[in-house]
Structures are given as structure tokens and as C-alpha cells.
2 protein chains.
Amino acid sequence: MTATVVPLRPDRVPSLKPLMSLVAAGMNDVNRVILDRMQSPVALIPELAGHLIAGGGKRLRPMLTLGCAAALDYAGTRHHKLAACVEFIHTATLLHDDVVDGSDLRRGRATANTIWGNAPSVLVGDFLFSRSFELMVEDGSLRVLKILSHASAVIAEGEVAQLTAQRMVETTEDRYLEIISAKTAALFAAACQIAAVVAEREARVEAALEAYGRNLGIAFQLVDDAIDYVSDAATMGKDTGDDFRDGKVTLPVILAYARGDEAARRFWRHAMSGRANGEAELAEATARLHATGAIGDTHARARLYGSRAVDALALLPPSAAKAALAETVEFAIARAY
Amino acid sequence: MTATVVPLRPDRVPSLKPLMSLVAAGMNDVNRVILDRMQSPVALIPELAGHLIAGGGKRLRPMLTLGCAAALDYAGTRHHKLAACVEFIHTATLLHDDVVDGSDLRRGRATANTIWGNAPSVLVGDFLFSRSFELMVEDGSLRVLKILSHASAVIAEGEVAQLTAQRMVETTEDRYLEIISAKTAALFAAACQIAAVVAEREARVEAALEAYGRNLGIAFQLVDDAIDYVSDAATMGKDTGDDFRDGKVTLPVILAYARGDEAARRFWRHAMSGRANGEAELAEATARLHATGAIGDTHARARLYGSRAVDALALLPPSAAKAALAETVEFAIARAY
């Protein structure tokens, strides 16, 4: 086993397109459920939710539910409603995250909290979250309800843990991995696992898809963390340096701090405390991250988790769906940065 | 049928004590579940949740679940866990409400958002909400899950609707009743209804308890609205005039505005707009509410809904539990103000 995700076709840039093509028809149904079930007689709810939901998100998590179901040759339609549940939970956490972080830009557009204020963002998040559970109850699987209610609690725990770790440059890599396993990877894992539940497959298939989603989620978050220091709003739809300005200690910073001398550590402590986090300090931070290899090694970690995600699919028979799931891992890691 | 709740014993002030005595043993179990299941390795979660949960709330909603179960002679223990679910949902909404309203005092103590900030209040609310669904899944009743997930969505809708109606003095009484039926009464209704589900009683018993809880919830909210203009922080644990300062248009204001002349309406528009809501205006508002009979008639409406709540219990056989549920209605209406 190698820590490198071997590209299926080294001649081209890995893409989300195989997964998108695979699930295109199903995603039409998922999108219909999403649009239908975010409605409410209270007009502000679909207005605010629609801003985020129509705002150009990739719908990666529900696509994973459909992709995993396809890899298991599931022929039913139950997963369409459940994929919408996953997207509702994700949307609710984004609405709350943007309030928590005071973010003003998401997917290249003004955040809902910027446009409508914090109050409706919190409450519409609560609505989508509740609506998600109503949809799960309609499906009627206690196993799915268990997986997604547990994932939701774990996500909230991870978010609080990240808040607790904010500005703490001494956060260890292990601790950081626990945090992102909870706040990001838990929903990726659940999105994939429930496909095995609706397809009524045995426990080891459930475990395999859970592992695929979890490792993909960790890789995805690590790449996001690196991107925050090397991208810009025009290409990624969010500001570079958001994490830096928020004092959010991510893996690149953890590595650079751990590898730094006393002067470097003083810089990171000072910057992450919020007392010195302007454009000049962001430039210095980025230079230090590159110089210590922290950006490159964050990507190396992402590749390791990506490799685990692909290996977790080993027990599935070869198929276009399996190949699409594998390429999705490559895509997550190779995203422009 | 009369719109007056006839006191069972006119010689004394109605009290919550009969209900409290009835459910005391069961509430020990409920409190154990609450304390046990609000735990998390992330220390801030039990710390923040515990501040509110240990902060002297009456636990009225879980007591109603237990009281209704007692009125049905239910002999099991499933309702203990479900009553804890109800309290978790309630606590989550309080945490989010205090963020939404920017409140600094609840139950006579500093709010969680004042002590820890908005961010952890939002996230710990999300955690409790998710944990509540995990507990319901453990119980395993899809019917209970349906009732409580629907109630949660309705609560969020009601909260957003109230936000939309904020500062709008032209809100009609009908519209206002829709809002409080959603934001307050839905959880009272669900708390009572699920007792019939665990006791495996027929649909008409479920409907009766739902109606009892819903009407009690409306009465409870209307009395709260009146109290906000006639109580003080020392007796009620929250500031008088909170609704006034927040521009929250409640039934007393709706009645006073509807009954007022042009000068009165100008006063209310100006006050609710937030441009004139100091102590002097609060005193004038209170005087206007009394002069127009708006406070008295808000209580009259509360008594009407209270009467409906008691009447909804008609199909239950006489019992100490039934009497305690009826006296709880009287208590809700007669709360010090």
C-alpha cells in the first residue's frame, strides 16, 4: 500500500465529472426533493435557504450517497430523499457556521447572515435540520435515523471542539484530526454509509463505505485548510486567509508551529491571537508555511487519507460507479490551489 | 362551556405542586437522563448546557409528558427518555432564542450567550437538538420521531415568522395566534401527545392530549406576554419590557394598537420601531395597555385557551393525574404578574 492516490488516468486532471454523470438523473430527483421540502408558508425560509442552496454548491455529499448506492447496484429510489436529508443537514451547518465565524463570503456570494442577519440564519438552519429529520422519518429506517442523528451530534461536538481550540497554536495534529473527523468527515461518512443501509447490504459493506466517506472527508478538509492559504476569492469563492484572520488553527499552522524556532513560534502565537493578522502578517504566514513544508505536507496527509478512502472500496466489484468514487477522491485532493 | 377556568379549589392559589408531586419519582429518572446525555468529551458542551439546564427552569414540558402518561395509567418507563428529549429540544430553542434576541437575562441569570458568546450557544443548541433525536432513535418509535421532528420544524417556522412580524404593529390577532401556536404551543402539544403514543392509546386520546397541550401552550404564552409588561426581573427572572425593547409585537400591543386612536397608533408605531423605547416610553406603553384593557383582555384570551385545555381532558377518567393536569392550566394562567 502506498500513501499516494494513483491517478486512474495520469494524462488528465482528476475531475468530479464521472461522479456527476453517474448520478445526474438521480440528482434531478434529489434537487426536486430539496426545492420541494425547503418550502414553508413563512416566505423568509425558502428565500434564505434558497440563497445558499441555489448558490452554486457542488452537492458533493448527496452525490456521494447516490454514487455509493450505484456502486452497490441499488435499484430503488429511497436514497433520493435521504440524500436530500444529508444536504439539508449540511446546509444547516453552513448557515450556523457562517454565524459562528462571522463570515461574509461563501461560494463567492454574500453569506445569508450578511444579507439577512444572524437571527434568521440560526432559525432557518434549525428549520432545515428539523425538516431533514422529518424526511428521514418518512423514509422510516431507524438505522438511517441513528446514523444521521449521531453524525449530527458529532458534527456539533466537532464544531464546539474547534471553537475551544481556536487561537491555540499548541493544538496537536492528533487533536486536530479528531476535530475535523467530527466536524467534516462525520457527514461524508454518514452520507456514504446510508447507501449501504438502503441497499440492505451486510455490515462490512456499510463499514467500507463509512470508511471511504470518512477518509475522503478528512482529505477534503485538509485540502481546504491548505487552500485557505494559497487560493483567492475569485477561484475558490471564499477569501484567502479566512482561517488566519479568525485565529482558526489548522494543520498547516500546526505543522509550521511545531517545526518553527522560538521566533517562528512567537510569530504564530501573536498572529493566531488576533493581535497581528493583517495582510502583511498573512503574507509572512504563507511564506513561513511554504518554507517549513507545512503546505506540502498537509497535502501529503490529504493524499494518505485519500489513499485509505480508495482502499476502503476494495471489497466492491469493479464498476463505473466504483471508478467514479475513486476519481472523486483524486478530485478532492487535486482541487485548484 | 364557559371561557373561564373554574378553580378546583377557590380557597387557594393554583399551584404546580400537584403535578410536581405526581411526577416527582419519574422526574428523578428524567433528570438522570438529561444529566447523563448532555455529557460530551468536549467540556464546554456540558458546561454551557448545564448552566441553562441547572438554572432553575421548571421542567414544565417533561413534567407534562409524565403527567399525561400518569393520567393514562401508563406503567412503563419509556416516557422518561422521551421527556428528556422534549427538554433537550426546549433547551436548544432557548439557547438559540437568546442569541436571536440578544437577551442577557434568563431565569434571573446571565444567558449563555452573555457568558460564552453567541458561537458556542448556537453550536451547543445544535448538539442538544441532535442528541434529542439520538435518544428518540434509541426509544425506537417512528410515531414519536414524527411528532417531535414535525414539532421542531414548526417551532423554527414560528420563530422565523415572529422575526418577520417584528416591529409590525399591524400584525393581526389571528396571525399572532398562528405564530405562538407554532413557536410555543407546538412543543407543549407534542410533549403531551407522545404520552398517548407510549401508552399505546387510540387516536382520539392522542388528539385529546395534543389539544390539551396546545391550548395550555397558547395560554402560557399569552400570560408570558402580559407578564412582560407587568412583572420585574426579581419576581420572574427576566426583565420587564424585554418584548417592548426588542420591538416584539405581542397580543397586548396588538389589542392596544387596534383599539387606539391615531395618536395612540403613532405612539406604538414609533415605540415598536425601536426609535423610542426607553424607560419613559415603557411606562407610557404599560399605562396605555392597562387603559385600553389590553392586559386584562390578553388574560381573558389566556383563560379561554385554558378552558379549552381543561375541556380537552374530558374523555379521561377522573384521577389525581387528571386533576393535576387541570390545576397546571390554572397555575399557568394565575402566575404572578
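For (1) at pLDDT below 95; (2) within 10 Å of chain A (Cβ to nearest Cβ); (3) at positive phi, each residue gets a yes or a no:
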position: B:MET63; (1), (2), (3): no, no, no
position: B:TYR74; (1), (2), (3): no, no, no
position: B:ARG78; (1), (2), (3): no, no, no
position: B:CYS85; (1), (2), (3): no, no, no
position: B:ARG106; (1), (2), (3): yes, no, no
position: B:PHE129; (1), (2), (3): no, yes, no
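Out of everything in the range A:98-129 that is touching a His at 6+ places or on another chain (Cβ under 8 Å) and closer than 18 Å to B:VAL124 by Cβ, what residue ends up being most open to solvent (accessible area, probe 1.4 Å)? Write out each step before concluding.
Step one: filter the range A:98-129 for residues touching a His at 6+ places or on another chain (Cβ under 8 Å), giving A:109, A:112, A:115, A:121-123, A:125-126.
From the residues that got through so far, the ones that are closer than 18 Å to B:VAL124 by Cβ too are A:121-123, A:125-126.
Working: A:SER121: 0, A:VAL122: 0, A:LEU123: 4, A:GLY125: 0, A:ASP126: 29 Å².
Checking each candidate, the answer is A:ASP126.
Going by the conditions given, is A:ILE180 at the interface with chain B (Cβ under 9 Å from one of its Cβ atoms), closer than 26 Å to A:ASP242 by Cα and among the β-branched types (Val, Ile, Thr)?
Criteria not met by A:ILE180.
State which residue is surrounded by the fewest Cβ atoms within 10 Å (Cβ to Cβ) when the search covers only the range B:242-272 and only residues that are in contact with a Leu (Cβ under 7 Å, 6 or more places away or on another chain) and under 13 Å from B:GLU170 (Cα atoms).
First pass over the range B:242-272, keeping only residues in contact with a Leu (Cβ under 7 Å, 6 or more places away or on another chain): B:244, B:251-252, B:256.
Filter once more, keeping what is under 13 Å from B:GLU170 (Cα atoms): B:251-252, B:256.
Working: B:LEU251: 23, B:PRO252: 29, B:ALA256: 26.
Going through the qualifying residues, I end up with B:LEU251.
Checking the conditions here, which among A:ALA24, A:ALA71, A:ALA49, A:ALA43 is farther than 27 Å from A:ASP97 by Cβ, among the small types (Gly, Ala, Ser) and in contact with a helix residue (DSSP H, G or I) (Cβ under 9 Å, 6 or more places away or on another chain)?
On inspection, the qualifying residue turns out to be A:ALA71.
Out of everything in the range B:72-97 that is open to solvent by 10 Å² or more (accessible area, probe 1.4 Å) and under 15 Å from the mean Cα position of the chain (by Cα), what residue ends up being farthest from A:LEU123 (Cα to Cα)?
Taking the candidates together, the pick is B:HIS90.
Among the residues of the range A:139-161 satisfying the criterion of being at the interface with another protein chain (Cβ under 8 Å from one of its Cβ atoms) and of a type in the set (D, E, K, R), which is nearest to A:ALA49 (Cα to Cα)?
A:GLU159
Just one of A:ALA324, A:ALA336, A:ALA300, A:ALA314 is closer than 19 Å to A:LEU60 by Cα, of a type outside the set (Phe, Trp, Tyr) and at pLDDT 95 or above; which is it?
A:ALA324
Being over 21 Å from A:ALA309 (Cα atoms), in contact (Cβ under 8 Å) with a residue 40 or more places away in the chain and not charged (D, E, K, R) narrows it down to one of A:ALA165, A:ALA211, so name that one.
A:ALA165
Looking at the range B:301-321, which of its residues are polar (S, T, N, Q) and open to solvent by 50 Å² or more (accessible area, probe 1.4 Å)?
none
For B:PRO46, only one of the following conditions fails: (1) within 14 Å of another protein chain (Cβ to nearest Cβ); (2) surrounded by fewer than 21 Cβ atoms within 10 Å (Cβ to Cβ); (3) under 21 Å from the mean Cα position of the chain (by Cα). What is its number?
Checking B:PRO46 against (1) within 14 Å of another protein chain (Cβ to nearest Cβ); (2) surrounded by fewer than 21 Cβ atoms within 10 Å (Cβ to Cβ); (3) under 21 Å from the mean Cα position of the chain (by Cα), the one that fails is (3).
Kindly evaluate B:GLY67 against the criterion of being more than 9 Å from every other protein chain (Cβ to nearest Cβ), surrounded by fewer than 20 Cβ atoms within 10 Å (Cβ to Cβ) and modelled with pLDDT of 95 or more.
Here the answer is no, as B:GLY67 does not meet what is asked.
Picking from B:ALA199, B:ALA156, which residue would you name as being at pLDDT 95 or above and under 18 Å from the mean Cα position of the chain (by Cα)?
B:ALA156
Kindly indicate which of B:ALA285, B:ALA324, B:ALA280 is assigned to a helix (DSSP H, G or I) and open to solvent by 40 Å² or more (accessible area, probe 1.4 Å).
From the options B:ALA285, B:ALA324, B:ALA280, the qualifying one is B:ALA280.
Of all helices (runs of 4 or more DSSP H) completely enclosed by the range B:135-225, which ones contain at least 3 residues that are buried (at least 24 other Cβ atoms within 10 Å of the Cβ) and in contact with a His (Cβ under 8 Å, 6 or more places away or on another chain)?
B:186-198
The values are calculated or read from the model by the stated rules, or taken from the named source; none is laboratory data. Note that this is a predicted model, so its numbers are computed, not measured. Glycine also receives a Cβ, built like all others from the backbone with ideal geometry; neighbour counts cover every protein chain displayed. What goes into the accessible areas is simple: the full protein's heavy atoms, side chains included, and nothing from ligands, DNA or RNA. Shrake-Rupley method; radii C 1.70, N 1.55, O 1.52, S 1.80 Å.
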